[in-house]
1. Relative to the longest principal axis of the C-alpha atoms of chain A, give the angle of the C-alpha long axis of helix A:350-367, reported between 0 and 90° and rounded to the nearest 10°.
2. For B:271, A:421, A:563, B:263, what's the fewest-to-most ordering of other Cβ within 10 Å of each Cβ?
3. For the residue pair residue B:84 and residue A:29, what label-to-label distance in nm results when each label sits 7 Å from Cα along the Cα-to-beta-carbon direction?
4. What ranking do A:593, A:197 get, fewest neighbouring Cβ atoms within 10 angstrom at the top?
5. Gaussian network model of chain B, Cα springs within a sub-10 Å range: biggest mean-square fluctuation belongs to which of B:87, B:122, B:258?
6. With springs only between Cα atoms under 10 Å, which of B:138, B:268, B:79 fluctuates most in a Gaussian network model of chain B?
7. Take the alpha carbon atoms of region A:34-78, find their center, do the same for region B:60-133, and report the distance between the two centers in whole angstrom.
8. Ignoring everything except DSSP H segments at least 4 long, calculate the 222 nm mean residue ellipticity for chain B; use -39,500 (n - 2.57) per segment, divide by total residues, nearest 500.
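Nothing in this text is a laboratory measurement; each read-out follows from the coordinates by a stated rule. The model shown is predicted, which means the values in this text are computed figures rather than measured ones. Cβ sites come from the backbone with ideal geometry, for glycine too, and all protein chains shown count toward neighbours.
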């Protein structure tokens, strides 16, 4: 099932070849049309593309906004320059360079390699910081750390003249030492494209995207977002470092301001205009913004007399001035954020489109007659699994002065369906949060198969087999139905050994989602979303499945169907089930045993009949004391 | 000991301005979850207004209130033009929107005014000092500290004693619930931006007074100070923001006077590293705001 060479490598590579050809081709056509003046513009565009693709790998896949990638670029750029500039030249500019760097003499290729390694090492440290700060999609403190990096590199570059040549003099390559061929740039660009696409399709990329879409849900499915974010960061920084080295080489000079605010703005705008979540989008953004800036520059320079179009521009003359480019950038960023935050392409990816076309035409030819042929097998019957026991003792939880749970005990075994019932605010969801590691109890113990798992992180509990769904739906909205389930399957393949893996297609069919398998989760209606949550949790082959109000908002018919699906899936994977609800009839209908919660305590526990007969329950829950 | 006391006073003066900036950032963050990278632009805009007024030959004592008014108006206009359109969008969008505003404003000044430094008149007492025992105290710092204390007391009263204050605090704690309770989101958000602008304006008067000039990129520095101080204090906490402002001011003064000469020029860099470390070990800032994620 994973990895699929065709889907995860071949299509991205073929797609990259085509995209690369179109992008470079467009640049060359413009260059031929306008001649030498446009040559540098195109070169710069190609290098910008490498850097923007590098940024996309991190920002796109993790959703963490980084202002720091140009700071990484500065580190790489200076490292490259200090190593690549010849000793004679260094003797003139930075004779007092520390660590004997003034005498070092290596080839440009080696210098790029050193720049990449050093910058990735720095990224490793920054990455630990980002992880510690709780980086996740849109996280503010992570973004500020990246901003701090940008400013620190700039400050150091300005104030360490022995190494960097300082703020005004800077570093220079001798004339003629510049790039005399574009081949390295082409190689870097193609490499960046392939790396970006293959990473996005890789296990790490998919898990990172799941965490981008919903950090909490990803952790509840056993994903450790911090590991995937780190992987994305290191790969991303490596690509940016190559791009930054090329940029320095092409410019032939390096000043602190070359890798600072303005370039950060430019690259970020390029990224978001095309669509930050898409590699194709990043490339499109680079093209669009390069064209736009060129236009703005020409407008600023020549007014309205461009491309042979002459207009009487007097009244608007004040608009078009030099430096129009910067305003153009700022306005583009603002405009896109306000009108189209997901960029021109959103999640659209060229090679995925190619693949879907390819598949449709092939399937169309082969299987039009037998439509049902593709329908997957039903879930297999249960193989025997080791029985599991989940036990909580004396759990206390308080939020501030409010006691959400006091002295709660609970036992669940595989094969059982346990109902947890109680009025709103009784502590049911808090209990599930404790069991899944989202809330740490102030006291009490919680064990799985006799092993103490109190204060185990959520993702680790999920890998141990304690998996939940959410009351307020937390799907990976931008992923398709199948991709949502695949996230769990990826984790199960690595961490649920000893269990028979569930076939992704079978689970989807079992949850009545087969016809929607290629829809994005955000397009699903409410009932299907709930079924997808169940399917996603089941694909992890959990030992315990915790369902937080699985039928809320469903019609009676849908609820009944859902109960059947829950029972069948649980039986197939041999899981114990804990169902939370406040509907007494629903709970008594499906549960083997029931815990009744009220005001943070378990007030009754037993079979449906026992619980219903309990006088305390009648008072607390039904609100009546007498017989009915 | 004397030196430490001297640092303390200098740090308080510097920290006062940061505290006002940070409070403005925190107030807006509270109601909109927006970390406003454009906060410093209020000072850029006011700075150019001061320059324009100075060209007319107006005295500083007219320019100062003008700066405050300008900052409030600019804050409201920016909210109207940009931020009101991205309410409720993802944090990613909000962050980049404010970043975009920052660039549009500074680029517009670069393009339509000038890249060169613009000066304006300022009162003669800015650079005066007086002595208390062995301590040298700037008149400027004294004024800043006094005005800041008065402003903070007034702001506290506003937040504690008025309906607007109650609405704003409720919205900061839980925006959706506050709305259900009848708090008008429009007026709270606009009020927050006005208050944020007012605080930036008061800070701006001192900032500009000390600087004596403005450039298109003059907003970066106050923006950074405000944002960082708010983060140091713990985003969402107004008290934390003020505390963060003073902490940042003190840290700057202490580092600048204590760091060995060889790296003294890197003070700013050192502070960034310290702040990054703070986030790493205390991601929620100095003051913890309960942010229970609801599941």
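1. That works out to roughly 50 degrees.
2. In increasing order of surrounding Cβ atoms, one gets B:263, A:563, B:271, A:421.
3. Those two pseudo-labels are separated by 4.4 nm.
4. Listed from fewest to most nearby Cβ atoms, that is A:593, A:197.
5. B:258
6. B:268
7. So the separation of the two Cα centres works out to 30 Å.
8. -24000 deg cm²/dmol
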